[in-house]
Amino acid sequence: MKFLRNYWYVAAWAKELEPGKLLARKFLNEPVVLFRTPDGTPHAFEDRCCHRRAPLSLGRMIGDKVQCGYHGLVYTAEGTVVGIPGQTLVPPGSQVRTYPIVERWKAIWIWMGDAALADPAQVPDHLYYTNDDPKWTRVGGYLNFKCNYFLLVDNLLDLTHETFLHGKTIGNEHVANTPLAKVERDETGVTASRWMIGIDPPPLYAKAGGFDKPGMKVDRWQIIRFEPPSHVTLDVGVAAAGTGAPEGDRSQGITHAVCDAITPETETATHYFWSFPRNYKLNDAWTSDFTRTGVHNTFLEDQAMLEGQQRIIDAAPAAPQVDINADGASIQARRMMDRLLAEEADAAPSRAAAAE
Amino acid sequence: MKFLRNYWYVAAWAKELEPGKLLARKFLNEPVVLFRTPDGTPHAFEDRCCHRRAPLSLGRMIGDKVQCGYHGLVYTAEGTVVGIPGQTLVPPGSQVRTYPIVERWKAIWIWMGDAALADPAQVPDHLYYTNDDPKWTRVGGYLNFKCNYFLLVDNLLDLTHETFLHGKTIGNEHVANTPLAKVERDETGVTASRWMIGIDPPPLYAKAGGFDKPGMKVDRWQIIRFEPPSHVTLDVGVAAAGTGAPEGDRSQGITHAVCDAITPETETATHYFWSFPRNYKLNDAWTSDFTRTGVHNTFLEDQAMLEGQQRIIDAAPAAPQVDINADGASIQARRMMDRLLAEEADAAPSRAAAAE
Amino acid sequence: MKFLRNYWYVAAWAKELEPGKLLARKFLNEPVVLFRTPDGTPHAFEDRCCHRRAPLSLGRMIGDKVQCGYHGLVYTAEGTVVGIPGQTLVPPGSQVRTYPIVERWKAIWIWMGDAALADPAQVPDHLYYTNDDPKWTRVGGYLNFKCNYFLLVDNLLDLTHETFLHGKTIGNEHVANTPLAKVERDETGVTASRWMIGIDPPPLYAKAGGFDKPGMKVDRWQIIRFEPPSHVTLDVGVAAAGTGAPEGDRSQGITHAVCDAITPETETATHYFWSFPRNYKLNDAWTSDFTRTGVHNTFLEDQAMLEGQQRIIDAAPAAPQVDINADGASIQARRMMDRLLAEEADAAPSRAAAAE
């Protein structure tokens, strides 16, 4: 899948951007350096000095300015050179590209497309669970997958894979055997919902929610939301069986909301920022550790599979593939992406023409 | 050298294919997964699920079926999908390519070309020494060389290199200084023969055959057989000198038969399955260990040279080269390959046309 | 920057070429093997046997001849095959390319271009400090940088980077803030000179020259000479302040002459032979160790920056760049290179025509 540019992507967890630090990271094939000015405001530059293309990330912060570590050019936080050692004149063109950037939901969001179109109000709110709502607590992490970012979106939009790839932790046979109840596509995304009524609790949830006594049954839900370009939120949980079929009584159970921010690094490498809020045992450190480790290990299973999938795709990129029912949400998401990619490609030349 | 497809290649040693195991290996650039059904029959699939191209080698065996480890599609041993979780209909095209496969001579043989042409009777018999003939015992091994497979064929077809590359073990000056007695090309291969009469025994043979007393002389033979695409058998040995010149009395000596099955992994990587039978000290574990280690170490010397050769070829693929007398067998083998490659290229379109 | 061919490049330190040793190294993309005949004369062959392209560097010296380690072809030091095992006739074309080579200034110099144009008198003399002049002693070393060779030339022609990249060792603010006094281009090279009068001594010099008492000031000079294709000599030092402004009295100070021989390995890899002579504390082992370690560590800082610069250039090779005043010498050097590269390109076809 190609890249949509005029969208907000997560660039880093907010806490990764320490004061005085220059953080190098590649997005959509472009080398970027992230930093905060002393007032805490985050900034993003292309990671390339306008002078001799040294990586600015090898430089340093001087107050609210960035100095190239090679020949000492000094940039304002707006990317304009204001100091060149040994001379007073600053030549025309002495600036670097900056990227619109916003801090929200404990993350730093970057806009890799046309800056004129960047609207902070469009930062997705589906990471709201990372907010400071006292009903929730969260763990989170970062992984780098050596595969195209949309293989990870596909992965999350079809949770039948839990049964086969994650059988030891979150999967059991019911996920695979229960058809998706609904796949709905609207203007801004795709939602897939599945309810499993009166099933054996999967191991991870059984322990986490106290459903691990012999013979206990649960109602389990999975509500998955995709929004372009690559934001996926899973609202998943289990409640005591029979507390509210057909759609259960979620207040009698436990909910996890897996908030996945997936940012392309290159065509075949992906930044994976995951957040895992829960609404129970809020102050329980053991549960936090347990879920952090459990989710991390689960995602390592995904990583091995998706990187294997990428290797096989690379070996024969044109090999055909067969669709199954479980692909419904993924197919809808890919159609939406194809349309948006075509729209961006069409708009780019006309915006260029309008600017003349 | 390009790849001939309509031939049997060794894919694995038989013992590598353990019950319940899925073995991933690449042949002729194609990712393949090998496995046995519970009755012991070996099978080979392309290592790519027809659904979303996950490697099937990351899945599992369920009885006599293979289940993809990602979304759970179940394949019969014939490569046909018979189960898709959450649905009863199997879409058309739900199958993977299978490769003809045969177990013989303690090895698994695979046919990467047109399955309609695969005839198990054509599995080469030049690995007969690996059979259970009670007059022989054998050691063997596997190495992966990062070079084109035909550099290894060239290597084996001109044993003058023993003198220079393997001087510490099997080489001595006589190999290089004795012209090949005969190079014969017939319909199915090339045979090169060399006899060295009344020479000092090379170190490895001296120890192995008890020819290591001061002043002992031997008659030594090397009879090399190449059969396309890349099977080479060496019948080599030494006998007490003067026991039957010009061609010696082999019954008074010891014979090794190096059986080399060389399978292209990619254009620049090669599977090397070697077998080293002998007809003496059949039950002597020390001799087995000694020859296994000695041959392995000898082949590591070849590996360093052939990988160096590949690097130099890559640096200037069009650099000219000079032929010497010792190349006779290799030149014959390459001419045979060129003809067969041209025939396969010619035949492929006409078979395609006939199928219409 | 492309490669000039008809120039002398340093191939190795003289001491690297031990008797009986075959040293493999790549220059201007070509694999070369270096060795000495028993009389001590250095030689250079293409590292590719004319028979089957095995690397000759995996062979051995036999007296004053080189024997291929694969099939035993024997080459004279002039690159001509005089022995082929098992045959007496040597086929036409049995030779390898040799490269003109000269030992001077404790280094081995190679000529990668048209051998007819190689004149040992043209070996640059700007490494004279490595000579046995009793007024000097030296330390030296070798590094391999994964960047284009001219990034390293640029680096040395603009020492303002010392302030920013080497602030902990040789840099201080004065280097960057003092404009180059002169940049002069003549027929054979470019010279840049900078004098800093009455400044604080930089840390490394302060310790080395005994200028480290509180309040001491020095006059500091940097005289940089570039000669194509990539030889750079720095005559740098400090003297007690006020001993001879505007250009100081160098006899009252200490001088270092950094002699940099920069040889392209590939487009993005560079051999860096550095020599660091000094004219003080000639027999002081501690000072030798101190400067060797200090210079080495300083160049490691350069390596990190230049390799980062190469990565950023590779990510967007056509990205524009801005020139600043400090680039004066580098710009002159690049113009000289462009002219010489064009001349070599023009001359090559006409020489070829003349040879017909």
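The values are calculated or read from the model by the stated rules, or taken from the named source; none is laboratory data. Bear in mind the structure is a predicted one, so any value in this text is a computation, not a measurement. Neighbour counts run over all protein chains shown; Cβ positions are idealised from the backbone, glycine included.
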Sole miss for B:LYS2 among (1) within 30 Å of B:PRO317 (Cα to Cα); (2) surrounded by 16 or more Cβ atoms within 10 Å (Cβ to Cβ) is condition (2)
Output for Cβ contacts, cut-off 6 Å, separation at least six or different chains, first residue within 30 Å of A:LEU4 (Cβ to Cβ) in the range A:265-292, second among the aromatic types (Phe, Trp, Tyr) and assigned to a helix (DSSP H, G or I), reads A:THR270/A:TYR149; A:PRO277/A:TYR129
Is there a residue being at pLDDT below 95 and among the acidic types (Asp, Glu) anywhere in the range C:270-287?
-> yes
Residue count, the range C:259-299, condition among the aliphatic types (A, V, I, L, M), more than 22 Å from C:ASP132 (Cβ to Cβ) and out of contact with any strand residue (DSSP E or B) (no Cβ under 7 Å at 6 or more places or on another chain), comes to 0
Sole miss for C:VAL10 among (1) more than 14 Å from every other protein chain (Cβ to nearest Cβ); (2) among the hydrophobic types (A, V, I, L, M, F, W, C); (3) surrounded by fewer than 22 Cβ atoms within 10 Å (Cβ to Cβ); (4) closer than 30 Å to C:PHE226 by Cβ is condition (3)
Scanning the range A:217-257 for residues that are surrounded by fewer than 21 Cβ atoms within 10 Å (Cβ to Cβ), touching a helix residue (DSSP H, G or I) at 6+ places or on another chain (Cβ under 6 Å) and assigned to a strand (DSSP E or B), the one modelled with the highest pLDDT turns out to be A:ILE254
For the range A:314-330 the number of residues that are part of a helix (DSSP H, G or I) and buried (at least 16 other Cβ atoms within 10 Å of the Cβ) is 7
The one condition C:GLN309 fails out of (1) out of contact with any helix residue (DSSP H, G or I) (no Cβ under 8 Å at 6 or more places or on another chain); (2) within 11 Å of chain A (Cβ to nearest Cβ); (3) at pLDDT 95 or above is (1)
Checklist entry - Can you find a residue in the range A:275-294 that is within 29 Å of B:ASP47 (Cβ to Cβ) and aromatic (Phe, Trp, Tyr)? => result no
Picked from the range C:312-328 (must be more than 24 Å from C:ASN144 (Cα to Cα) and in contact (Cβ under 8 Å) with a residue 40 or more places away in the chain), the residue farthest from the other protein chains (Cβ to nearest Cβ) is C:GLY328
Open item on the list: within 21 Å of the chain's Cα centre (by Cα) and within 14 Å of another protein chain (Cβ to nearest Cβ): is that true of B:MET337 in this structure?
Closed with: no
Checked pairs for the range C:1-20, first under 12 Å from C:TYR99 (Cα atoms), second part of a helix (DSSP H, G or I), C-beta under 6 Å and 6 or more apart or across chains, list as C:ASN6/C:LEU117
Per the filter on the range B:150-186, residues within 17 Å of B:SER230 (Cβ to Cβ) and either among the β-branched types (Val, Ile, Thr) or at pLDDT 90 or above (or both) are B:PHE150, B:LEU151, B:LEU152, B:VAL153, B:ASP154, B:ASN155, B:LEU156, B:LEU157, B:ARG185
Checked the range C:24-64 for anything within 23 Å of the chain's Cα centre (by Cα), more than 7 Å from chain B (Cβ to nearest Cβ), assigned to a loop (DSSP other than H, G, I, E, B) and at negative phi; matches are C:THR41
Within the range C:258-300, restricting to residues that are among the basic types (Lys, Arg) and not in a strand (DSSP E or B), the one that is surrounded by the most Cβ atoms within 10 Å (Cβ to Cβ) is C:LYS281
